[in-house]
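**Q** Structure in structure tokens, see below.
The values are calculated or read from the model by the stated rules, or taken from the named source; none is laboratory data. Here the structure is a predicted model, which means the values were calculated and not measured. Note that we place each Cβ from the backbone using ideal geometry, even for glycine, and neighbour counts take in every protein chain shown. Ligands, DNA and RNA are excluded from the accessible area calculation, which covers all protein heavy atoms including side chains. Shrake-Rupley method; radii C 1.70, N 1.55, O 1.52, S 1.80 Å.
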Amino acid sequence: MNVLLKSAVIVDPTSKHHLKKRDVLIENGKISKISTSISNPKKVKEIKLPNLHISQGWFDPSVSFGEPGFEERETLTHGLKTAAHSGFTQVAVNANTYPVTDSKSNIKFLRSKAEGQPVSLYPIGALTLGSKGVDLAELYDMSNEGAVSFYDYKRSIENANLIKIALQYSQNFDALVQSFPFDPSVARNGMVNEEVNSTKLGLKGIPALSEELQITRDLYLLEYTGGKLHIPTVSTKKSVNLIKEAKKNGLQISCSVAVANLCLTDDLLESFDTDYKLMPPLRTLTDIKALQKGLKEGVIDGVTSDHDPIDIEHKKTEFDHASFGSIGLESCFGALRSVVDTETAIAALTRLKSVFKIPVTSVTEGAEATLTLFDPDISWTFSEKDIVSTSKNAAFIGKELKGKAYGIYGNKKLVLNS
């Protein structure tokens, strides 16, 4: 689809047009011209939107959809529609399906379901068979089929030797291993952050120590084996410091933070609203400040919505019995922009592409057009009418946000929110 974007501010440090207002002509899926003013003799579709900004398409490294197995939570097609609505052109989809995505055929299924969609889907293969933490899955075969990383979603690998072997083996085909930072022997069936609020509310706590012990172990293993390790969804001040030190020492370590942990504190738990039951749990203001600083400094490589649809039967129940998780795609940019500036936000939503070996396309003439269209300054309140997802378990309901996606241009298709 050919499109002419009018008076768009380009936010892309790799482009000579960075922070300049330009017209952008897209023809046959490529950016054919960027100029202060472009005429339209061919009468291609013109896009004129208030305070229009464009950037490289956003990438989310941790998205869960239900299909296969939990289609009542979210199908792949509907999940990709939600991603497009939210400004994401590329998403990495977790292996927490039924069956678990732990084989070449499972990877092939996910990729085939996403063919022809404006949003590109990149499968994450399970690190172990059935995500049970016992035997390594078919990493090499899945990599050849298109898996961009290997991760047992939200499940700790208690066997240190398994992580060691995975890091050693994966180097043969330059693969990325992920390890969830959680030591269950320390957490002991905890549900929320172990702090003043957990004691006051009588809820079992998950100490920061459970995350930090696991990260420390995994960094020692990485130092021993080499390879590439990604720590998903860090949530504590000390975790940031541990990873900062590891990067200084030259380890190939990257990490992400879930947008909820970047913005929301465990004070919200006073309502006993199960939408705030998350993993990792909401932490303290001290942790949030450290996470925001780590993101701005580049210690934390990127942000994820950690989109995790849960059906109402498993969410709207007693706090003890409710499942962990929140949807997050629709509110991700608005929440992120409410705590960091526009350039930091865009970097946080694009920087992890190189880590996951996702194609990076600059906003320059001749480049493939993979773009997000957005307004970084609009203020709005996130409500249920803003939810596109099938499931409605949203931690940001009722929160004041700043910035909103208009849509995307990806895979030669334009998607604009009505």
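**Q** Starting from one equal scatterer on each C-alpha and no solvent at all, send me the Debye-based log10 I(q)/I(0) for the range 303-396 at q = 0.13, 0.24 Å⁻¹, two decimals.
**A** -0.59, -1.25
**Q** Quote the charge dipole size of the range 55-144 about the Cα centre in Debye, to the nearest 20; the model charges only the Cβ of Lys and Arg (+1) and of Asp and Glu (-1).
**A** Values: 7 positive and 10 negative charges, 29 e Å.
About 140 debye.
**Q** Dividing the alpha-carbon radius of gyration of the chain by 2.2 N^0.38 Å (N being the number of residues), what value is obtained? Walk me through the numbers on the way to the answer.
**A** Working: Rg = 20.7 Å, N = 418, 2.2 N^0.38 = 21.8 Å.
So the Cα radius of gyration is 0.95 times the expected 2.2 N^0.38 Å.
**Q** Roughly how far apart, in whole Å, are the Cα centres of the range 17-81 and the range 144-164?
**A** If you average the Cα positions of each part, the centres end up 32 Å apart.
**Q** On a 0 to 90 degree scale, rounded to 10, what angle separates helix 237-248 from the longest Cα axis of the chain?
**A** Once rounded, one gets 70 degrees.
**Q** Another question, then. Quick check: convex hull of the Cα atoms in the range 1-87, volume per residue, rounded to a whole Å³?
**A** Working: hull volume 11.2 nm³, N = 87.
Per-residue hull volume (Cα only) is 129 Å³.
**Q** A follow-up question, please. Calculate the spin-label point distance for ASN159 paired with SER35, positioning each point 7 Å from the Cα along the beta-carbon direction, and give it in nanometres.
**A** 6.3 nm
**Q** Hey, how much of the P(r) for the range 102-217 falls beyond 17 Å, as a percent of Cα pairs?
**A** Details: 4049 of 6670 pairs.
Result for the distance tail: 61 percent.
**Q** Find how much the distance from LYS42 to VAL134 grows on full extension, using 0.36 nm per residue of separation minus their present alpha carbon separation; answer in nm with one decimal. Walk me through the intermediate numbers first.
**A** On the way: separation 92, 0.36 × 92 = 33.12 nm, distance 6.02 nm.
27.1 nm is the gain from fully extending LYS42 to VAL134.
**Q** Any chance you could give the angle, 0 to 90 degrees and rounded to 10, that helix 208-225 forms with the longest Cα principal axis of the chain?
**A** 80 degrees
**Q** For the range 62-192, calculate the relative contact order in percent as a whole number, restricting contacts to Cα pairs under 8 Å that are 6 or more residues apart. Each step should come with its number before you reach the end.
**A** On the way: 239 pairs, mean separation 25.7, N = 131.
Dividing the mean separation by the residue count of the range 62-192 yields 20 percent.
**Q** If r is the Cβ-Cβ distance from SER383 to LEU209 and R0 is 41 Å, what FRET efficiency results, to the nearest 0.05? Numbers along the way, then the final one.
**A** Values: r = 37 Å, r/R0 = 0.90.
The calculated FRET efficiency here is 0.65.
**Q** Quick one: work out the % antiparallel among DSSP beta bridges in the chain, nearest 5. Before the final figure, lay out each step's value.
**A** On the way: 28 of 59 bridges.
Of those bridges, close to 45 percent are antiparallel.
**Q** Does anything in the range 313-332 have its amide N under 16 Å from the 7 Å Cα→Cβ label point of ASP267, and if so which residues?
**A** Counting backbone N atoms under 16 Å from the label point, the list is empty.
**Q** Tell me, what is the FRET efficiency for HIS321 and LYS392 to the nearest 0.05, using R0 = 25 angstrom and their Cβ-Cβ distance as r?
**A** Working: r = 18 Å, r/R0 = 0.73.
Plugging the Cβ-Cβ distance into 1/(1 + (r/R0)^6) gives 0.85.
**Q** Then there is this: Where the accessible area of the chain is counted over protein heavy atoms with a 1.4 Å probe, how much of it, in %, is carbon and sulfur?
**A** Numbers: 8220 of 16580 Å².
After summing per-atom areas, the C and S share lands at 50 percent.
**Q** For every other residue with a beta carbon closer than 13 angstrom to the beta carbon of LEU19, add +1 if it is Lys or Arg and -1 if Asp or Glu, then tell me the sum. Please report the intermediate quantities before stating the final value.
**A** Numbers: positive: LYS16, LYS20, LYS21, ARG22; negative: ASP12, ASP341, GLU343.
Residues near LEU19 contribute +1 overall.
**Q** Here's something else I'd like to know. Under the classification rounded if a/c is under 1.5, otherwise prolate if a/b is larger than b/c and oblate if not, where does the range 65-108 fall, given a ≥ b ≥ c as square roots of the Cα gyration tensor eigenvalues? Let's see the in-between values first.
**A** On the way: a/c = 2.82, a/b = 1.56, b/c = 1.80.
Here the range 65-108 falls in the oblate category.
**Q** If you roll a 1.4 Å probe over the heavy atoms of the protein chains, what accessible area per residue do you get for the chain, in Å²?
**A** On a per-residue basis, the chain sits at 40 Å².
**Q** Under 10 Å from the Cβ of GLY328, count the other residues' Cβ atoms, weight Lys and Arg +1, Asp and Glu -1, and hand me the total. Kindly include the intermediate steps, with their values, before the conclusion.
**A** Details: positive: none; negative: ASP60, ASP306, ASP308, GLU330.
So the environment of GLY328 carries a net charge of -4.
**Q** With 21 Å as the limit, write out which pairs from LYS48/LYS357; LYS20/LYS81; LYS204/LYS277; LYS108/LYS277; LYS204/LYS293; LYS43/LYS81 have Cα-Cα distances beyond it, or answer none. Can you show the working numbers first?
**A** Working: LYS48/LYS357 33 Å; LYS20/LYS81 30 Å; LYS204/LYS277 12 Å; LYS108/LYS277 33 Å; LYS204/LYS293 29 Å; LYS43/LYS81 28 Å.
Cα-Cα > 21 Å for LYS48/LYS357; LYS20/LYS81; LYS108/LYS277; LYS204/LYS293; LYS43/LYS81; rest within.
**Q** Taking the Cβ of LEU291 as the center, what net charge do the other residues with Cβ under 13 Å away carry, scoring Lys and Arg +1 and Asp and Glu -1? Let's see the in-between values first.
**A** Details: positive: LYS237, LYS238, LYS244, ARG283, LYS289, LYS293, LYS296; negative: GLU211, ASP287, GLU297, ASP301.
Residues near LEU291 contribute +3 overall.
**Q** Exactly which trypsin sites (Lys or Arg not before Pro) in the range 309-342 are in a DSSP loop and have at most 10 other Cβ atoms within 10 Å? Please report the intermediate quantities before stating the final value.
**A** Working: sites: LYS315, LYS316, ARG337; in loops: LYS316.
Nothing satisfies the criteria.
**Q** Additional query: Which order do peptides 58-69, 35-46 fall in by mean Cβ count within 10 Å, highest first? Walk me through the intermediate numbers first.
**A** Numbers: 58-69: 25.3, 35-46: 10.8.
Top of the packing list down: 58-69, 35-46.
**Q** If you don't mind, there's one more thing I want to ask. Taking a label point 7 Å from the Cα of LYS357 along the Cα→Cβ vector, which residues of the range 150-185 have an amide N closer than 16 Å to it?
**A** 150-151, 167-178
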